[in-house]
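Shown next, in structure tokens, is the structure this report addresses.
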């Protein structure tokens, strides 16, 4: 294995998922909070939310008429709704000097900035990647951060954290 390949995979990949309750919007100076926002895609575009909701209900009705099973219908609804939880429920993002904190409806994810080596922005957010070069594993090992109405602020913060640590 070459030195470049060894560098590619020698990352501290430990993370913790915490589900302890936290107080709302209370930021102490010891947290060193720099940037914090909430992204809720369902609230952003009500037409899309209505269309997705109608589609989910339609699929649940189809499952019921195909199977005539209430249990299978409820299971189908739970799977569909659960897979769309990032769309229906708000997600809180907090970028600090040391870590990225992503709080969803079901978990809180803490990731250290040292884990990430590159980033790829698009129109809705930015993908933080643990790899130096593009890789097929990025979607599984990286973290996607959605923008609120703060694309420029988030990108400036991410560039500052990742470019500064490279150089």
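The values are calculated or read from the model by the stated rules, or taken from the named source; none is laboratory data. None of the values given here were measured: they were computed from a predicted structure. Note that we place each Cβ from the backbone using ideal geometry, even for glycine, and neighbour counts take in every protein chain shown.
Taken as a whole, the structure places residue 72 among residues that are more than 24 Å from residue 147 (Cβ to Cβ), at pLDDT 90 or above and touching a helix residue (DSSP H, G or I) at 6+ places or on another chain (Cβ under 7 Å). Annotation: of all residues in region 109-167 being part of a loop (DSSP other than H, G, I, E, B), surrounded by 15 or more Cβ atoms within 10 Å (Cβ to Cβ) and at pLDDT below 90, the one that is nearest to the chain's Cα centre (by Cα) is 148. Exactly one residue among 14, 36 is at pLDDT below 95 and surrounded by fewer than 12 Cβ atoms within 10 Å (Cβ to Cβ), and that residue is 14.
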